[in-house]
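Below: one structure, written as structure tokens.
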Amino acid sequence: MNIFNMVRFIIVVGMAMLHISSAKAYTCNVSTPSTTLTIPNMVISRDAPIGTKIGSTLSTGALNAYSCTNQAPVMQRQTFGVGALGARGTSINGRNIYLLGDSGVGYTVGLTYKDCDGSSGYIDDSTAGIFNLGPDTYSSCGAYTMLPQPMVLTIFLDFYKVGDLKRGSVAAQGVAAAITKIDNSRTYNSAVVRSSAFTLSSQGCSVSSTVISVPMGTINSSEFTGVGSATGDKSFSIPLNCDASTKVGLSVTGGSAGNSSASNGLINLDSSSSSTVASGIKLQILKDGNPIQLGSFIDIGTVASEGVLSIPLTARYYQSGTPITGGVANGSATFTLRYQ
């Protein structure tokens, strides 16, 4: 019996202690339970590398998150910051990346707090310090008392390409939330910021073949009639697969041997370690029968609908001097595409 009474006594005392410790006079109310951040439709270059920033920083503007009171027994410590709600991805420039579904787009979460000298920063992997709010958060301010009220912050997002793009509609989702921690209690998903739905599209072209060979055949010197004459026209094309509404520009420059005359589209012949190189001739690149201005972009046009686009060009030999001597007459050029 004595043992039973002792156990019962301990249980009763423990319940009394639990009741006393839960009594708190401070309160914190969520002033703005939910805010929607409008995401504009995104158009991303098809060949943009992973990590490319998309568009400009988006901001909620001043957001009244919490309003707290602090009657006795008062809070001993308060921390304020922001947390990310999306699934964790990689990191860019030391900032954590969170995912917008499986769209191939991710975002970073930053915060500016009007108090604490306008403290601002982004969520990263830092977890040090007594005022830290834990993983996937940024702690903007902490104090051994109640922070200035009301608690107003600005949340901002930066967007990045983080994977293969999934074109189409990207669903709305929770992206971030204001967080306050009082003593050892932490609130979750309060003052939530949601992204709006938006449309993701790509713009640009992929090159079907990055190396294009143009067999020029054998040309007799008698086919030339003097400096400025040309012969041996060979048609070829650059095959592309393009997104709709892509405006394509093309620039051509000489390969390893460089340009001979940019205004006339003339390219020097490549040197050879094993054969004699022909002299008195150059390679000339034309579009629509006219020499291409080497090193300058020319407008190819805007793709009306998604699909294959072929850029037709011509290569030929051009007499640049006298006499013409026989030999190998190979040349190379670099094609650069620009998308808008």
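Once fully extended, how much extra length lies between residue 164 and residue 213, figured as 0.36 nm per residue of separation less the alpha-carbon to alpha-carbon distance? Please report the intermediate quantities before stating the final value.
Values: separation 49, 0.36 × 49 = 17.64 nm, distance 3.04 nm.
Fully extending the segment from residue 164 to residue 213 adds 14.6 nm.
Please work out the C-alpha center-to-center distance from the range 185-231 to the range 314-328 and express it in whole Å.
31 Å
Taking the radius of gyration and the Kirkwood hydrodynamic radius from Cα positions alone, what is the Rg/Rh ratio for the chain, to two decimal places?
My calculation puts Rg/Rh at 1.31.
Using the crude model of +1 on Lys and Arg Cβ and -1 on Asp and Glu Cβ, and no other charge, please compute the dipole size for the range 206-340 relative to its Cα centre, in debye to 20.
Rounded to the nearest 20 debye, it is 160 debye.
For the range 22-110, what mean projected area does the convex hull of the alpha carbons give, in nm²?
Its average projected convex-hull area is 8.4 nm².
If you find the alpha carbon centre of the range 93-114 and of the range 235-259, how far apart are they in angstrom?
35 Å
If you count, for each residue, the other Cβ atoms within 10 Å and average over each peptide, how do 288-301, 191-204, 76-89, 305-318 line up from highest to lowest?
Ranking, from highest mean packing down: 76-89, 191-204, 305-318, 288-301.
Semi-axes of the equivalent ellipsoid of the range 227-324: what are they in whole Å, largest first, if each equals the square root of 5 times a C-alpha gyration tensor eigenvalue?
So the equivalent ellipsoid measures 30, 13, 12 Å along its semi-axes.
Mind checking the dipole of the chain: about its Cα centre, +1 per Lys or Arg Cβ, -1 per Asp or Glu Cβ, Debye to the nearest 20?
700 debye
So if I take the alpha carbon set of the range 117-256, get Rg, then get Rh from the Kirkwood formula, what is the Rg over Rh ratio?
1.34
Answer with one residue from 84, 267, 73: the one whose Cα lies farthest towards the positive end of the charge dipole of the chain, charges on Cβ with Lys, Arg +1 and Asp, Glu -1.
73
Along the charge dipole of the chain, which of 255, 201, 112 sits closest to the positive end, that is, farthest toward it, with unit charges on the beta carbon of Lys, Arg, Asp and Glu (+1, +1, -1, -1)?
112
Every number in this text was worked out from the coordinates using simple rules, so none of it is lab data. Just so it is clear, the structure is predicted and the values come from calculations on it, not from any experiment. All Cβ positions, even for glycine, are placed from backbone atoms using ideal geometry, and neighbour counts span all protein chains on display.
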